[in-house]
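Below: one structure, written as structure tokens.
Here, each number is a calculation from the coordinates, and none is a lab measurement. Just so it is clear, the model here is predicted, and its values are computed rather than measured. Please note: Cβ atoms are built from the backbone with ideal geometry, for glycine as well, and neighbour counts cover all protein chains shown.
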Amino acid sequence: DSLTRYHRMSGFNTAWIPGTDHAGIATQIVVERQLQGQGISRHDMGPTPAEARKNFVSKVWEWKEQSGNTITSQMRRMGDSVDWSREYFTMDDKLSKTVTETFVQLYEQGLIYRGKRLVNWDPILQSAVSDLEVESAEEDGNMWHIRYDLVDGSGSLTVATTRPETLLGDVAVMVHPEDERYSALIGKQVHLPLCGRTIPVIADDYVDKAFGTGVVKVTPAHDTNDYAVGQRHQLPIIGVLNLDATINANAPEKYQGLDRFVARKAVVADLEAAGALVEVKKHKLMVPRCARTGQVIEPMLTDQWFVAMNKVSPIDPTGKSIAQKAIDAVQSGEVKFVPENWVNTYNQWMNNITDWCISRQLWWGHQIPAWYDEDGKVYVARNEAEAQAQAPGKTLRRDDDVLDTWYSSALVPFSTMGWPEKTEDYDLYLPSSVLVTGYDIIFFWVARMIMMTT
């Protein structure tokens, strides 16, 4: 407010743009909890899934009208010197049009794609969540040491794990290639306890020889590092969890349907009964939890939409990726951080950035503008009529997922200025001059605005 008033009185053409995002996960949680208080879920709000979704979204809009304007109401009461004629909400029609347009354009340039990847999964939300929405903290746990017998009868390997229930999806055990204790066993097969399968002993330098027993289990469907190992060694992927974190049909029948933590106790008890549990040690471990629900996050292999961070658009004259252009914008001084030490935080994240998972399995938000035919072929379009024109005579079904809240928020510098039209506001106020924000959303918001604007 002080900056705006000072510059306006100094003769600058000044506009402080007020607005709010739709807070997809947080808002849906609030409304769902209200419904739970009435003894119903969002799925009960209509005779069909489509009707239930429509009625639930209407309920969220009702809540937004009642409670969603608290912040801007406080700003009005304080007399903040903002341009209220330009106030925005990220679900407004004008901004929603920009969201769709950017999605279609980036998809056509190959910078948005759909793929099956391991993501952070919240079993309560039953949605993917961002790395940035996962908070890991040290908690008390156990390290279970489990014996895997060699098929040839020559001995056994002892595997150390903090998640014994994922043993049901093991596809290999792994040792360090330079670990002399196990070098003679590489390439042999072991019996997977409780499962009636045999799996290979492989070597990979990811293994820390000094940690645990120096032998680790490989479960590509349920661990990010194991997934990378599985890709390197072309291992099969066996997922043993349903989306609600119960055990699925890929596991032995006696465990199917059990909650993951109930299954953990059952697996440990059965290992002990079979004489395969060598020992249990107390262990401090980092537990990832969803910042919104507090639930323990599960790495889950699911179909999601991504923005390619390090790929170059075929029509981009700079020959640089989205991430590289955002890095260059700060290095060149085009974008300045105050104080300057936050540049280091920004660069550390940007230089190690991975593709951005932008799909969420929610009902509140911008529904992804993609349709599928009976064969699963995807048609990305600005509206259903445009999608249908790409698939004449075919029956189409729209993607149920919505976009990450931060996707639409990343577009605010130009969506609020009327883009894709070349408006007077667009010419006058873009690029913008100043953003006052919290350091905790440099990744969520600031970096993504820079990426999407450059």
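Plugging the Kirkwood radius over Cα pairs into Stokes-Einstein for the stretch 102-151, at a temperature of 10 °C and a viscosity of 1.306 mPa s, what D comes out in µm²/s?
102 µm²/s
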Helix 93-108 axis, angle to the chain major axis (alpha carbon atoms, nearest 10°) = 50 degrees
Taking the Cα atoms of the stretch 386-454, what is the range of coordinates along each of the three principal axes, in descending order and whole Å?
-> 51, 32, 16
List the extent of the Cα atoms of the stretch 44-120 along each of their three principal axes, largest first, rounded to whole Å.
-> 48, 39, 26
Express the Stokes-Einstein translational diffusion coefficient of the chain in µm² s⁻¹, to the nearest whole number, given a Kirkwood radius over alpha-carbon pairs, 37 °C and a viscosity of 0.692 mPa s.
-> 130 µm²/s
List the relative contact order of the stretch 75-182 as a percent without decimals, with contacts defined as Cα pairs under 8 Å and 6+ residues apart.
-> 10 percent
Farthest toward the dipole's positive end in the chain, which of M45, V380, T224, given Cβ charges of +1 (Lys, Arg) and -1 (Asp, Glu) about the Cα centre?
-> M45
Once you put a point 7 Å from the Cα of N225 and another 7 Å from the Cα of Q126, both along the Cβ direction, what distance in nm separates them?
-> 3.2 nm
Computed curve, the stretch 172-263, Cα-only Debye sum without solvent term, log₁₀ I(q)/I(0) at 0.12 Å⁻¹, is -0.42
Taking the Cα atoms only, what angle lies between the long axis of helix 224-233 and the longest principal axis of the chain, rounded to 10 degrees?
-> 70 degrees
Considering only the chain, what is the antiparallel percent among its DSSP beta bridges, to the nearest 5?
-> 90 percent
Inter-label distance, nm, simple model (7 Å from Cα along the C-beta direction), L35/K320 | 4.5 nm
Over the chain, relative contact order from alpha-carbon pairs under 8 Å, at least 6 apart, % | 18 percent
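How high is the relative contact order of the stretch 268-375, given as a whole-number percent (alpha carbon pairs under 8 Å, six or more residues apart)?
24 percent
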What Kirkwood hydrodynamic radius do you get for the stretch 215-315 when you take the inverse of the mean 1/r over all pairs of distinct Cα atoms, in Å?
-> 16.5 Å
Please report the base-10 log of the normalised intensity I(q)/I(0) for the stretch 74-185, using a Debye sum with one equal scatterer per alpha carbon and no solvent, at each q in 0.11 (1/Å).
-> -0.76
Taking a straight Cα-to-Cα line shorter than 19 Å from K284, and setting aside same-chain aspartates and glutamates fewer than 8 residues away, one finds E135, E138, E139, D140, E165, D208, D223, E298
Using r as the Cβ-Cβ distance of K282 and S156, and R0 as 22 Å, what FRET efficiency do you calculate, to the nearest 0.05?
-> 0.40
Can you pick out the pairs among K54/K377; K97/K325; K59/K311; K116/K282; K54/K94 whose Cα atoms lie more than 31 Å from each other?
-> K59/K311; K116/K282
For the stretch 338-416, restrict the atom set to alpha-carbon positions and state the Rg and Dmax in Å.
-> 17.7, 58
Once label points are set 7 Å from the Cα along Cα→Cβ at both N341 and E180, what is their separation, rounded to one decimal in nm?
-> 4.7 nm
For the chain, whose charge dipole is built from +1 on Lys and Arg Cβ atoms and -1 on Asp and Glu Cβ atoms, the candidate among G79, W445, Y407 with its Cα farthest towards the positive end is G79
